[in-house]
Amino acid sequence: MVFTTLAHHIDMDWLREAYRRTRKDGAKGVDGQTAQMYAANLEGNLRSLLERFKSGRYVAPPVRRVHIPKGDGKQTRPIGIPTFEDKVLQRAVVMVLEPIYERDFLTCSYGFRPGRSAHMALGDFRARAMKMRGGWVLELDIRKFFDELGHKHLREILRQRIGDGVLLRTIGKWLHAGVHEAGGLSYPESGSPQGGVISPLLANAYLHEVLDVWFERMVKPRLKGQAYMIRYADDAVLVFKEERDARRVLDVLPKRFGKYGLRLHPEKTRLVRFERPRHRGKDDRNDRPGTFDLLGFTHYWSISRKGNWVIKCKTAGKRLTRALSALSQWCRANRHRPIKKQWQDLKRKLNGYYGYYGLIGNARALQRVDHWVRRAWWKWLSRRSQRAYLSWEAFGRVLECFPLSVPIIRQRSALSASQ
């Protein structure tokens with residue numbers, strides 16, 4: 001069913017709610033306007049935005065592009081930052097489209113959806129893999145997905161469900177708004193700026209058609225054994241019971257993605273034997289399964305305390321190295337700030353890190369982070385000046401006044417619910 005009239009839902013009350021849901025501490029766009037500046041005349045600004053949106057006079061400003069470290073830090077990921085007003089309107093459009101697509105999206109999709117999280121995706125993968133006793137894991141890596149997302153294909157996919165001209169024209173304006181970088185303005189012919197409010201929804205709608213529906217309705221009925229998929233945004237793994245099924249799908253995947261203007265990374269897209277070992281001895285190398293990374297964790301088979309084979313996960317090596325380096329650099333750059341301010345910010349960083357990586361089986365990596373950050377903080381506090389050296393005993397007294405967060409396994413239910 002195609003919804004032909006949707007824009008009428010967006011009124012002043014709708015925009016006020018969109019404004020409430022928009023982050024107020026985000027980075028500024030090309031106009032330099034902050035949330036506080038926009039709120040100074042909130043009703044007038046929202047009324048003007050609504051009138052321009054409904055009349056078609058709304059002009060999408062270009063996004064400001066910045067680059068953040070990616071992977072091991074040698075590469076960067078381009079992020080597009082819209083203006084604050086653009087974020088509000090994008091949030092309003094997402095609030096209209098999200099209920100429609102939430103009825104369409106399959107259960108294998110977890111990324112940027114209400115009520116779903118990365119931990120739920122990890123728990124679902126583990127539950128199914130344990131029940132199937134492992135298999136063959138096809139690890140997908142889409143090369144520059146947000147940069148190569150085809151506008152023509154995206155419009156065709158959207159028109160399958162959305163027939164409202166006002167919304168489609170507005171989305172088209174965002175796709176062609178342009179990118180402001182290093183003082184220059186460019187207009188890419190493909191892609192959706194990663195960092196925009198509406199980009200995750202567009203990406204999910206795109207991959208829902210390209211991968212999810214195709215795999216569930218066309219591929220799985222033709223397979224000999226069991227198979228399932230877990231996708232979080234553009235990160236996905238396909239798990240097969242039979243090696244022959246996995247290799248057949250691996251052969252046709254490049255053609256399927258190429259049809260929609262996407263490419264798979266030839267080195268990072270790989271097939272891993274992830275079958276449950278038959279023996280408990282560690283000397284049988286032929287029986288040793290492989291490992292793979294998903295959502296920042298390396299997954300592997302191991303013996304539980306009860307003596308059974310179970311799937312465990314630990315922080316991926318590159319993610320751990322990047323986190324340790326970033327924490328050390330932060331302590332160095334902020335060593336001259338008041339200790340209390342350093343402690344407050346450092347504690348927030350550790351709480352966020354432990355909150356995500358605090359999964360069962362990952363205690364050793366968390367303890368390594370805890371040890372590393374204490375040593376790094378002590379090192380750079382001792383280099384605040386020539387007279388600022390702290391002995392380890394003196395630093396212990398600092399920690400008594402400003403205790404750092406202790407690593408705790410908080411996310412136990414996500415992985416243990418399937419046991």
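Would you please state the base-10 log of I(q)/I(0) at q = 0.09 1/Å for the range 1-137, with intensities from the Debye formula using one equal scatterer on every alpha carbon?
Evaluating at q = 0.09 Å⁻¹ gives log10 I(q)/I(0) of -0.42.
Pop out the carbon and sulfur fraction of the accessible area of the range 68-140 as a percent, whole number, probe 1.4 Å.
Reported share for carbon and sulfur atoms: 51 percent.
Which whole-angstrom value gives the distance between the alpha carbon centres of the range 299-319 and the range 167-242?
30
Quick one: the Cα spread of the range 222-267 along its three principal axes, in angstroms, biggest first?
The Cα atoms of the range 222-267 stretch 30, 22, 21 Å along the principal axes, largest first.
In Å³ and rounded to a whole number, note down the convex hull volume per residue for the Cα atoms of the range 182-237.
107
May I ask for the equivalent-ellipsoid semi-axes of the range 56-172, computed as the square root of five times each C-alpha gyration tensor eigenvalue and listed largest first in whole Å?
For the range 56-172, the semi-axes come out at 31, 22, 14 Å.
Tell me the per residue accessible area of the range 72-204 using a 1.4 Å probe; a whole number in Å² is fine.
On the way: 5420 Å² over 133 residues.
That works out to 41 Å² per residue.
Using alpha-carbon pairs under 8 Å, 6+ residues apart, how would you state the relative contact order of the range 23-119 in percent?
This gives 26 percent for the range 23-119.
What residues qualify as long-range amide H neighbours of residue 264, i.e. H under 5 Å apart, gap of 5 or more or another chain, H built at 1.01 Å from N?
Those lying under 5 Å, H to H, from residue 264 are 143.
Taking Cα pairs under 8 Å and at least six residues apart, what relative contact order does the chain come out at, in percent?
So the answer I get is 18 percent.
For the range 116-274, with equal point scatterers placed on the C-alpha atoms only and solvent neglected, what are the log10 I(q)/I(0) values from the Debye formula at q = 0.11, 0.13 1/Å, to two decimals?
For the range 116-274, the Cα-only Debye profile gives -0.51, -0.68.
When ligands, DNA and RNA are left out and all protein chains stay put, how many square angstrom of accessible area per residue does the range 227-268 have with a 1.4 Å probe?
On the way: 2060 Å² over 42 residues.
Averaged over the residues of the range 227-268, the accessible area is 49 Å².
Classify the range 194-350: rounded, prolate or oblate, from the alpha-carbon gyration tensor (a ≥ b ≥ c, eigenvalue square roots; a/c under 1.5 rounded; otherwise prolate if a/b is larger than b/c)?
oblate
Which whole-number value in Å² is the accessible area per residue of the range 346-406, probe 1.4 Å?
Spelled out: the 1.4 Å probe surface of the range 346-406, per residue, equals 60 Å².
Under a Cβ-Cβ cut-off of 11 Å, what is the net charge of the residues other than residue 219 that fall near it, where Lys and Arg count +1 and Asp and Glu count -1? Kindly include the intermediate steps, with their values, before the conclusion.
On the way: positive: 217, 220, 222, 248, 256; negative: 212, 216, 245.
Net charge in that neighbourhood comes out at +2.
Over 18 Å between Cα atoms, which of 173/259; 144/259; 131/312; 70/347; 54/173 qualify? Kindly include the intermediate steps, with their values, before the conclusion.
Details: 173/259 24 Å; 144/259 16 Å; 131/312 14 Å; 70/347 24 Å; 54/173 14 Å.
In this structure, 173/259; 70/347 lie more than 18 Å apart at Cα.
Taking only the C-alpha atoms, wrap a convex hull around the chain and report its volume per residue in Å³ as a whole number. Show your work: numbers first, answer last.
Details: hull volume 77.1 nm³, N = 419.
In the chain, the Cα hull volume divided by residue count equals 184 Å³.
With a 1.4 Å probe and every protein chain kept in, tell me what percent of the accessible surface of the range 194-305 is carbon plus sulfur.
Numbers: 2480 of 5710 Å².
Of all accessible area on the range 194-305, carbon and sulfur atoms account for 43 percent.
Expressed in nm to one decimal, what extension gain is obtained for the pair residue 173 and residue 399 from 0.36 nm per residue of sequence separation less their Cα-Cα distance?
Length difference between fully extended and current span is 76.1 nm.
Can you give me the Kirkwood hydrodynamic radius for the range 307-419, using every pair of distinct Cα atoms, in Å to one decimal?
Numbers: mean 1/r = 0.0651 Å⁻¹.
Final number for the Kirkwood radius of the range 307-419 is 15.4 Å.
Quick one: net charge around residue 131, please, counting Lys, Arg +1 and Asp, Glu -1 for every other residue with C-beta under 14 Å from its C-beta.
+3
Could you list which residues have their amide H under 5 Å from that of residue 292, counting only those 5 or more apart in sequence or on another chain, with H placed in the peptide plane?
Residues meeting the criterion, in which the H sits 1.01 Å from N, are 299.
Under 21 Å Cα to Cα from residue 24, which lysines show up? Leave out anything in the same chain fewer than 8 places away.
Within the straight-line cut-off, residue 24 pairs with 87, 349.
Once phi is turned into θ = phi - 60°, what whole-Hz ³J(HN,Hα) does the Karplus curve with 6.51, -1.76 and 1.60 give for every residue of the range 260-276, x standing for Gly and Pro?
Running phi through 6.51 cos²θ - 1.76 cosθ + 1.60 with θ = phi - 60° gives 10, x, 10, 10, 8, 5, x, 9, 8, 7, 8, 9, 10, 6, 10, 6, 5 Hz.
The values are calculated or read from the model by the stated rules, or taken from the named source; none is laboratory data. The shown structure was predicted, so the numbers you read here are calculated from the model rather than taken from an experiment. In this analysis, Cβ positions are derived from the backbone assuming ideal geometry, glycine residues included, and neighbour counts consider all displayed protein chains. Side chains included, ligands, DNA and RNA excluded: accessible areas come from the protein's heavy atoms. Shrake-Rupley method; radii C 1.70, N 1.55, O 1.52, S 1.80 Å.
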